[in-house]
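A.B. asks: Quick one: this structure, given as C-alpha cells, is what I'll be asking you about.
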Amino acid sequence: MKKLLPPILILGAMFLFAPAYLNRDLWFDEALTFLDFAQRGSPLVIYRSYVIPNNQILYTIALHYWAQLLPPGIDPVFWFRLLSFFSGIATLLLLYRLFRVRLAGGTILLPVLAAMAVSVPFLIYATALRGYMQSALFVVLALHTALNFAGKPDWKRGFWYALASLGAVATIPSNLAVLAGVVLYALPLFGWGFWKRRAFWILAAIPPAMFLLFYLPIFPSFLGCLRLGEGWNSGWGALLAVLAAFVYSFAMLLLPGTGSLLALDRTGFKWVRAVRLLIWLIPLPMALLLKVAPFPRVFFPFWPLWALLLAAGIRDLTALNCRRRRRWNRGIWLGALFAVAVGWGYLAQQPNLRLMFSRRFGGAGADDYFYGYYLRPEHTPSRTAAEIVERLGKRPLAIYTSFQADPWPLLFYLSTSGADLRDFRFDGPRGPVKQLERGMLVILRSDESPQPVEKRFRRRLKLLFSNANHGVYTVER
C-alpha cells in the first residue's frame, strides 16, 4: 500500500483541477485538427495529408479512431479531450513506475510529479486535441528504453527504443530535439570512453533514423511545412515563455532542486552534472538559430526530462541532509514539499495571476502556457452556435466569419448543433472572401468593429445579437 500512495496522491492532485480544463470549448488549432485531418478517411490519407504542421500525424490517427468510439450521450469534445488526458495519466504513472528506483525511491518523485500534475501547462496539454501530451508519453518510453539499452545493449532493447523514438517523431517532428536530450541523459551510462562504444553511436543514430523512416516518403510535404515559417518572430521571447512556464509550474521546488550543486561528494557527480546540464540548453539553438523560432508549446515534451533532473536535485539535497543531520526526517521533508507544490498549484490556477504571466511572458491571448484566449471564460463558440440555431431554427445558413472570431470552432459547433449550414466562408489559405450576399450572417469577435467589414464589402450590417465572445450580424444590403 505504501508503494501505491505516491501515485494515488499525484493523480488525486491532478483530478482536483482537471475538470475545468476538460470542460472547455475547442479553439482554432483543436477544431482544425479534428475537422480537417482526423475526419479523413484512413490513416494512410491522414499520413499523406501533411500540408501544415497542425497535422501531428500519429496523434491525428489516434484521434481518428478515438472519435469513432464516442459513446452515446457523452459530449463529443469532452470525449475527444480524454485521449490526451489518458496520455497525461500514463505519463505521470510511467515516470513514477519506471524511474522511482533510479532516483532512490518513489517518494523523491512525489513532490515533482505532483507539481507537474497540477501545473497549468501540463493540464492544458493533458486535455488538448493536440499531440503534445502524447509526445511527452513517448519521450518517457524512449528514455526508459534508452537507459535499458545503454545498461545492456541488445537488439530487443534497441527495438523498443526505436519504436518509442518512432512514436515521438511521428507525432511531432521537432521531438527529434527532445530525443537528443534522451541520448544525453543516457550518455553517462557508457562512461568516459563513450565515443569508443558502438552501442552509444547506435543509441544516438536511432532517433534520426526513425525520423527519416517516417518522413522520407512524404518529404516534399515536410519541406513545404518548413517553408510556411510558422512560429514566433522572437527566439528570445519564445525561450522566455518556456522558462517562465517551467518556473510557474515548479516554483516551490526550484531551490530544493538545486541540491545536486551541493552534493559535491557524490561519486561521479561532476561527470553526470556536466552532461545532463546540456539537456536544459537544447532549446537555445532551436529558438535562436532558426529563421522563425518554434512556438513555445513545441518545447513542452521536454517537461519529463526536466522534471527528472529537478527530482535528481531534490534527491541529492535529501541525501545530503540525511547524512549531515541525524534528526532529519525524510518523510516529513518530502511531505512538506508535496504540500507546498500542490498549494502553489492551487494559487497558480487563479485567473489574475495567470493573466499577468500571460501578458508579461506568454504573448497575451496567443500564449501557450498560462491563460491564452481559448482558456478564458469568454471563449464560448459553442454558445454562439447554439444561439444562432435557437434564433434561426432550421433555416439554411450562409455565414461569413472573421479570422479573429475563430472560424474553425464555430464551424465545428454549428455542424454538431444541427444547423443547416449551406455556406461557411472565412479568409484563409484559399484566399480572401470576395463578396457577401444579402441575408448572410457575419460573425465577428466581440471587440471587432463591423465598420471595416461594411467598408470592405460595401454592405450594411445589422446586429442580430452579441455575447462575450462574438457579435453576430445580418447583411442587410
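A.B. asks: Among the listed residues Leu70, Leu98, identify the single one that is in contact with a Leu (Cβ under 9 Å, 6 or more places away or on another chain) and among the aliphatic types (A, V, I, L, M).
C.D. replies: Among Leu70, Leu98, only Leu98 is in contact with a Leu (Cβ under 9 Å, 6 or more places away or on another chain) and among the aliphatic types (A, V, I, L, M).
A.B. asks: Report the residue count in region 453-472 for those that are open to solvent by 30 Å² or more (accessible area, probe 1.4 Å) and within 16 Å of Leu392 (Cβ to Cβ).
C.D. replies: Count: 5.
A.B. asks: With the requirement that a residue be assigned to a helix (DSSP H, G or I) and either surrounded by fewer than 24 Cβ atoms within 10 Å (Cβ to Cβ) or in contact with a Ser or Thr (Cβ under 8 Å, 6 or more places away or on another chain) (or both), what does region 108-122 give you?
C.D. replies: Residues satisfying the conditions are Ile108, Ala115, Met116, Val120, Pro121, Phe122.
A.B. asks: I'd like the full set of residues that are surrounded by 19 or more Cβ atoms within 10 Å (Cβ to Cβ) and either touching a Ser or Thr at 6+ places or on another chain (Cβ under 8 Å) or in a strand (DSSP E or B) (or both), limited to region 425-452.
C.D. replies: So in region 425-452, the residues surrounded by 19 or more Cβ atoms within 10 Å (Cβ to Cβ) come out as 426, 436, 440-444.
If the condition is that a residue be surrounded by 19 or more Cβ atoms within 10 Å (Cβ to Cβ) and either touching a Ser or Thr at 6+ places or on another chain (Cβ under 8 Å) or in a strand (DSSP E or B) (or both), then Phe426, Met440, Leu441, Val442, Ile443, Leu444 are the ones that fit.
A.B. asks: Additional query: Which members of region 344-395 meet the condition of being acidic (Asp, Glu) and either open to solvent by less than 70 Å² (accessible area, probe 1.4 Å) or touching a Pro at 6+ places or on another chain (Cβ under 9 Å) (or both)? Steps first, please.
C.D. replies: Keep residues of region 344-395 that are acidic (Asp, Glu), which gives 367-368, 378, 387, 390.
Asp367, Asp368, Glu387, listed by residue number.
A.B. asks: Another question, if that's okay. Restricting to region 1-19, give me the number of residues that are part of a helix (DSSP H, G or I), open to solvent by 40 Å² or more (accessible area, probe 1.4 Å) and free of Cβ contacts under 8 Å to residues at least 40 places away in the same chain. Step through it out loud before you land on a result.
C.D. replies: Taking region 1-19 and keeping what is part of a helix (DSSP H, G or I), we get 5-19.
Checking which are open to solvent by 40 Å² or more (accessible area, probe 1.4 Å) leaves us with 5, 8-9, 15-16, 19.
Narrowing the set further to residues that are free of Cβ contacts under 8 Å to residues at least 40 places away in the same chain leaves 5, 8, 15, 19.
Count: 4.
A.B. asks: Which condition breaks for Lys196 when tested against (1) farther than 29 Å from Phe370 by Cα; (2) of a type in the set (Lys, Arg); (3) within 22 Å of the chain's Cα centre (by Cα)?
C.D. replies: Going through (1) farther than 29 Å from Phe370 by Cα; (2) of a type in the set (Lys, Arg); (3) within 22 Å of the chain's Cα centre (by Cα) one by one, Lys196 breaks only (3).
A.B. asks: OK, next. Could you check region 453-474 and list, in sequence order, the residues that are without any contact (Cβ under 8 Å) to a residue 60 or more places away in the chain and part of a loop (DSSP other than H, G, I, E, B)?
C.D. replies: Hits for region 453-474 are Arg458, Arg459, Arg460.
A.B. asks: Report yes if some residue within region 20-29 is over 20 Å from the mean Cα position of the chain (by Cα), of a type outside the set (Phe, Trp, Tyr) and surrounded by fewer than 18 Cβ atoms within 10 Å (Cβ to Cβ); otherwise report no.
C.D. replies: no
A.B. asks: Under the condition of being among the hydrophobic types (A, V, I, L, M, F, W, C) and in contact with a Pro (Cβ under 8 Å, 6 or more places away or on another chain), which residue from region 90-107 is most open to solvent (accessible area, probe 1.4 Å)?
C.D. replies: My answer is Leu93.
The values are calculated or read from the model by the stated rules, or taken from the named source; none is laboratory data. Here the structure is a predicted model, which is why all the values come from computation and not from measurement. Every residue, glycine as well, gets a Cβ built from its backbone with ideal geometry; the counts of neighbours run over all protein chains shown. SASA here: full protein model, heavy atoms, side chains in, ligands and nucleic acids out. Shrake-Rupley method; radii C 1.70, N 1.55, O 1.52, S 1.80 Å.
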